[in-house]
Amino acid sequence: MGADHTSKIVGTVWGLLVLNTLGSAGAKTIVPLPRSLIQMVTMGALVAAFALALTVNLRLRIRPSAYLLLLTLLLVPSVISSAHLESGFGALFRCTRLALFVGTLWLLSRWWDGGLTFVRHHIRMYFAVLGTVAAGLVISPGAAMPELYGGRLVGALWPLTPPQIGQYAAVIIGLTVLLVLGRRTDRASAAVVIVPSLVLLVLTHTRTATLGLFIGLAMAIGSLMLTSAAARRFFTWAVLCAVVASVGFASALQAWFLRGQSKDNFSNLTGRAKVWDALLAEPRSASTKLFGVGLGDKSFGGLPIDNSWLAVYNEQGLIGVTLVAAIIIVLGGVALLRPPSLQRGCAIFLISYCAIASYTEAGLGDASPYLLHLALAASLLAAPAAPSPLGTPEVPRRHVPRWAQRSEVT
């Protein structure tokens with residue numbers, strides 16, 4: 001199998017993983033899609049991804065990865081808690097999904113060499129997803145910005161919520177900006193990705209994604225400032241633009257940030273704090289505290305938890321929280337120890353974004369875009385594969401006739 005063909009299959013596998021993590025719950029679409037059909041498509045994408053990854057890695061060659069090891073360990077409390085069926089048979093289905101997800105990443109780890117190949121796969125696939133959002137906005141603006149979501153942008157062709165769209169837009173904007181600063185893409189190509197993605201991000205009114213984008217980019221560019229003049233210039237201009245915007249458009253920015261909510265509702269994190277307090281006040285047995293109640297739909301009392309740490313605590317217990325914290329700490333520590341580079345900057349952006357989003361979004365304990373973002377960060381932090389040592393060529397033995405051997409003896 002040729003290298004180009006293998007590269008295309010690896011890119012296809014990554015795209016299928018992105019499709020699997022899009023989820024099946026969201027806004028009403030223009031053409032109603034049964035949830036069972038959406039689940040069939042997303043789960044089928046994961047099975048296809050695992051099968052394709054296996055075909056190009058039949059010898060099961062993998063690279064050591066602390067990130068994937070910790071994810072594999074996270075399966076242990078997930079299976080133990082899900083086996084009690086407190087969350088129903090769906091918990092075992094989600095465990096199987098997580099196992100296939102982690103297994104596919106292990107198979108892909110063979111190609112984790114610290115390069116930017118998977119960054120480009122990531123940007124292309126999520127840009128394609130945002131393309132469906134933009135198409136839905138053009139076809140039916142009313143369905144794409146319904147009153148049910150307060151006029152925020154949703155997926156009208158595929159059921160995507162405003163936080164999902166904001167997350168995808170913020171991640172590819174940040175990665176593309178870093179590629180421009182690293183001179184790995186031209187400005188025209190970058191503008192094609194950044195400008196429409198930024199428009200969609202604004203239309204979602206997603207505060208978490210916006211803050212994650214700005215803070216993550218600030219940390220990533222800060223890691224490049226000592227070695228990149230372009231990063232220093234960009235940071236200077238960004239600070240000046242931020243100061244001008246905060247002074248000249250303060251009222252407009254405040255209105256966008258509040259989304260028409262009262263200050264009390266905003267301070268209560270749009271009702272999230274009530275769910276968090278109720279979850280923490282719930283009496284639990286010792287085993288439930290350690291292992292959780294099993295993988296579920298990241299809700300409590302019929303309301304979304306919207307916090308990765310509390311969702312993991314609820315479903316995978318304190319052991320799960322410890323493992324997820326170890327993932328963030330290990331990836332962040334490795335990134336800080338690496339010498340300044342574009343790959344390190346992209347990894348810092350992804351890790352920072354996921355850490356910030358974990359406060360108001362769930363997903364760090366189950367197959368999700370956040371785990372895929374962190375997998376991309378792990379691939380960027382992987383050391384380049386060492387070339388196989390060249391063995392000393394064997395010198396063929398020359399055949400010596402018997403009469404010659406006799407003459408040598410005499």
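Does V79 satisfy being assigned to a helix (DSSP H, G or I) and open to solvent by 30 Å² or more (accessible area, probe 1.4 Å)? Answer is yes for this residue.
Looking at G150, G136, just one residue is open to solvent by 30 Å² or more (accessible area, probe 1.4 Å) and either within 17 Å of the chain's Cα centre (by Cα) or in contact (Cβ under 8 Å) with a residue 24 or more places away in the chain (or both), and that residue is G150.
So that you can scan it fast, the table gives a plain yes or no per residue for (1) surrounded by 14 or more Cβ atoms within 10 Å (Cβ to Cβ); (2) modelled with pLDDT of 95 or more:
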| position | (1), (2) |
| --- | --- |
| G174 | yes, yes |
| V180 | yes, no |
| A188 | no, no |
| A209 | yes, no |
| R233 | no, no |
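Being outside any helix (DSSP H, G or I) and under 21 Å from H122 (Cα atoms), is that true of even one residue in region 42-51? Among the residues of region 42-51, not one is outside any helix (DSSP H, G or I) and under 21 Å from H122 (Cα atoms), which makes the answer no. Beta carbons closer than 6 Å, at least 6 apart along the sequence or on distinct chains, pair a first residue in region 332-358 that is in contact (Cβ under 8 Å) with a residue 60 or more places away in the chain and charged (D, E, K, R) with a second that is surrounded by 19 or more Cβ atoms within 10 Å (Cβ to Cβ) and in a helix (DSSP H, G or I) for R344/A335.
Tallying residues that are modelled with pLDDT of 75 or more and among the aliphatic types (A, V, I, L, M) within region 254-274 yields 1. Among the residues of region 315-331, which ones are farther than 24 Å from A209 by Cα and either of a type in the set (G, A, S) or free of Cβ contacts under 8 Å to residues at least 60 places away in the same chain (or both)? Across region 315-331, the qualifying residues are G317, L318, G320, T322.
Can you tell me how many residues within region 325-362 are open to solvent by less than 10 Å² (accessible area, probe 1.4 Å) and not in a helix (DSSP H, G or I)? Here the count works out to 1. For region 1-41, taking the residues that are in a helix (DSSP H, G or I) and of a type in the set (S, T, N, Q), the one that is nearest to A99 (Cα to Cα) is identified as N20.
Per this entry, I221 is not counted among residues that are of a type in the set (A, V, I, L, M, F, W, C), at pLDDT 95 or above, out of contact with any Asp or Glu (no Cβ under 6 Å at 6 or more places or on another chain) and closer than 24 Å to P340 by Cβ. Checked across region 28-45, the condition of being free of Cβ contacts under 8 Å to residues at least 60 places away in the same chain, open to solvent by less than 20 Å² (accessible area, probe 1.4 Å) and not acidic (D, E) holds for at least one residue.
Have a look at S251, S246 and point out the one that is farther than 28 Å from L137 by Cβ and either among the basic types (K, R) or at pLDDT below 80 (or both).
One residue alone meets the criteria, S246.
Only one entry in A156, A128 is open to solvent by 30 Å² or more (accessible area, probe 1.4 Å) and either of a type outside the set (F, W, Y) or within 30 Å of R184 (Cβ to Cβ) (or both), namely A128. Looking at region 83-94, is at least one residue among the polar types (S, T, N, Q) and either closer than 26 Å to L381 by Cα or in a helix (DSSP H, G or I) (or both)? Looking through region 83-94, none of the residues is among the polar types (S, T, N, Q) and either closer than 26 Å to L381 by Cα or in a helix (DSSP H, G or I) (or both). Identify, please: which residue in region 282-305 is crowded, with 24+ Cβ neighbours inside 10 Å and touching a Lys or Arg at 6+ places or on another chain (Cβ under 7 Å) and is, among those, farthest from L75 (Cα to Cα)? Residue satisfying both the conditions and the ranking: I305.
Residue count for region 272-281 under the criterion of being open to solvent by less than 50 Å² (accessible area, probe 1.4 Å) and free of Cβ contacts under 8 Å to residues at least 12 places away in the same chain: the result is 1. A residue that is in a helix (DSSP H, G or I), more than 16 Å from the chain's Cα centre (by Cα) and of a type in the set (V, I, T) occurs somewhere in region 295-317. Would you confirm, using the coordinates I've provided, whether A375 is among the small types (G, A, S) and either within 28 Å of A273 (Cβ to Cβ) or without any contact (Cβ under 8 Å) to a residue 60 or more places away in the chain (or both)? Here the answer is no, as A375 does not meet what is asked.
The values are calculated or read from the model by the stated rules, or taken from the named source; none is laboratory data. Only a predicted model underlies this, so the values are computations on that prediction, with no experimental measurement involved. Please note: Cβ atoms are built from the backbone with ideal geometry, for glycine as well, and neighbour counts cover all protein chains shown. Note: accessible area is taken over every heavy atom of the protein model, side chains too, but ligands, DNA and RNA are not part of it. Shrake-Rupley method; radii C 1.70, N 1.55, O 1.52, S 1.80 Å.
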